[in-house]
Amino acid sequence: MLNISKMRVALYEPDIPQNTGNIFRLGSCLDIEIDIIGPTGYILDDKKFKRSGLDYIKYTKYKKHIDWEYFYKWSKLNKFRLILFTTKTNKSFYKFNFSKKDILIFGSESSGVPKFVHDQVDQRLTIKMKKGLRSLNVSSAVSMVVGEAKRQINLL
């Protein structure tokens, strides 16, 4: 059963199964539930997904949403605050106060998220990086952010 009273991670239209498998493994080990916002670039029984998530996948609590609209309505109905991680802001996640009712949203590896997602979230944060480089691997970014968020709200 999903717990709608604690922090979650959402992946918007993920297209690399190995990253999702790694994030599922992180979710199971750190007790973070995962939201998959479709469509995805693969099916959840893809062998690359299973290989990267190993046997941890069976311990991961997750919810698959057919699309952004469905996810957005569900998240607002359950009173979550939506936090998008993007390279299109200067607001550092280290200077942000996380809460237990946050959903930490990460975009598709190949294309991020569209403008309408930027417009509908409650906050947009970034992981500041060395100038001239594009972005971190999404599973690395999720790991960094979840560690900081859990540290702040004493969930570790």
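The values are calculated or read from the model by the stated rules, or taken from the named source; none is laboratory data. On a predicted model such as this, the values are computed, not experimentally measured, just so you know. Glycine gets a Cβ as well: all are built from the backbone with ideal geometry, and neighbour counts include every protein chain shown. The protein model used for the area step is the full one, side chains on, heavy atoms only, and it has no ligands, DNA or RNA in it. Shrake-Rupley method; radii C 1.70, N 1.55, O 1.52, S 1.80 Å.
Using a/c under 1.5 as the rounded threshold, could you call the stretch 66-156 rounded, prolate or oblate? The axes a ≥ b ≥ c are square roots of the C-alpha gyration tensor eigenvalues, and prolate needs a/b larger than b/c, oblate otherwise. Oblate, since a/c reaches 1.5 and b/c is not below a/b. Classify the chain from the C-alpha gyration tensor, please: rounded if a/c falls under 1.5, else prolate or oblate depending on whether a/b exceeds b/c. Rounded, since a/c falls under 1.5.
Please work out whether the stretch 74-121 counts as rounded, prolate or oblate from its C-alpha gyration tensor, where a ≥ b ≥ c are the square roots of the eigenvalues and a/c under 1.5 means rounded, while otherwise a/b larger than b/c means prolate and anything else oblate?
Taking the square roots of the gyration eigenvalues as a ≥ b ≥ c, the stretch 74-121 is oblate.
For residue 10, nonlocal amide neighbours, meaning residues 5 or more places apart or on other chains whose placed amide H falls under 5 Å from its own, are 35, 104, 105, 106. Considering only alpha-carbon pairs that sit under 8 angstrom and 6 or more positions apart, the relative contact order computed for the stretch 48-133 is 35 percent. How much of the DSSP beta bridge set in the stretch 59-156 is antiparallel, as a percent to the nearest 5? Of all bridge pairs located within the stretch 59-156, approximately 10 percent are antiparallel.
Across the chain, the relative contact order, built from alpha-carbon pairs under 8 Å that are at least six residues apart, equals 28 percent.
For each pair in 64/150; 61/131; 91/115; 76/150; 64/101, compute the distance between the two Cα atoms and list the pairs where it is over 26 Å. From 64/150; 61/131; 91/115; 76/150; 64/101, over 26 Å: 61/131. Per residue, the chain reaches -10000 deg cm²/dmol at 222 nm when only DSSP H runs of four or more residues are counted, each adding -39500 (n - 2.57).
The stretch 120-156 and the stretch 66-91 have Cα centres lying 15 Å from one another.
For the set 35, 67, the ranking by accessible area, highest first and with no ligand, DNA or RNA atoms included, is 67, 35 under a 1.4 Å probe.
For the pair residue 29 and residue 120, label points projected 7 Å from Cα toward Cβ lie 3.2 nm apart.
Note on exposure: 103, 66, 16 ranked by accessible area (1.4 Å probe, complete protein assembly) read 66, 16, 103, with the most exposed listed first.
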